[in-house]
1. Counting only heavy atoms of the protein chains, get the accessible area per residue of the chain (1.4 Å probe) and round it to a whole Å² value.
2. Take every Cα pair under 8 Å in the chain that's 6+ residues apart, average their separations, divide by the length, and report that relative contact order as a whole percent.
3. Within the chain, which is the longest segment containing none of the trypsin sites (Lys or Arg not before Pro) that sit in a DSSP loop and have at most 15 other Cβ atoms within 10 Å?
4. How tilted is helix 9-21 with respect to the longest principal axis of the chain? Cα atoms for both, answer in degrees (0 to 90, nearest 10).
5. May I ask you to give the percent of accessible area on the chain that is carbon plus sulfur, with a probe radius of 1.4 Å?
6. With each pseudo-label sitting 7 Å past Cα toward Cβ, what's the ARG123-PHE67 distance in nm, one decimal?
7. Calculate, for LYS16 and PHE91, the FRET efficiency according to 1/(1 + (r/R0)^6) with r their C-beta to C-beta distance and R0 41 Å; round to the nearest 0.05.
8. At a Förster radius of 25 Å, what calculated FRET efficiency corresponds to the Cβ-Cβ distance of ILE108 and GLU9, to the nearest 0.05?
Amino acid sequence: MKENIQISEAELEVMKLLWKNKKMTSPEIVEELLKTSEWKDKTILTLINRLVKKGAVNAEKESGKAFLYSANINEDEYKQEQSNSLINKLFNGSISLMMSNFVKSNKISNEDIEELKRILESRE
């Protein structure tokens, strides 16, 4: 993954669309984000341009003035990097501290606990 690209929460919404759809034009991105946000067209275009400048998104010239945008960051790698960063920042790198925090604060359901048990058993 590109080293240390910082993506804001708003920019992440654009990235999610590109991860899901692979390649999109700016009108397609705008159309989709207008369905789920209260942003203006220009705001969305600014988010796209910021991501291109950061190197998180590729802008490929299509025909005429149109550009085709695609993610330049792998979704799974991004999630892994952000997860590690959160665990390091808030829990001193300890997954067990993080999990005990979720369990103690009732932020983890019984279904989640069972799923975690299955995951841990499959690693043994």
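1. Working: 9110 Å² over 124 residues.
With the other protein chains kept in place, the chain gives 73 Å² per residue.
2. Numbers: 93 pairs, mean separation 28.2, N = 124.
Reported as a whole number, the value is 23 percent.
3. Values: sites that count: LYS2, LYS22, LYS40, LYS65, LYS107.
Formally, the longest exposed-site-free interval is 66-106.
4. Between helix and principal axis, roughly 80 degrees.
5. Details: 4460 of 9110 Å².
Carbon and sulfur together cover 49 percent of it.
6. For the pair ARG123/PHE67, the computed spacing is 4.0 nm.
7. Working: r = 25 Å, r/R0 = 0.62.
Here the calculated transfer efficiency is 0.95.
8. Details: r = 23 Å, r/R0 = 0.93.
Calculated transfer efficiency: 0.60.
The values are calculated or read from the model by the stated rules, or taken from the named source; none is laboratory data. In this text, all values refer to a predicted model and were calculated from it rather than measured experimentally. No Cβ is skipped: glycine too gets one built from the backbone with ideal geometry, and neighbour counts run over all protein chains shown. For accessibility, only protein heavy atoms count, side chains too; no ligands or nucleic acids. Shrake-Rupley method; radii C 1.70, N 1.55, O 1.52, S 1.80 Å.
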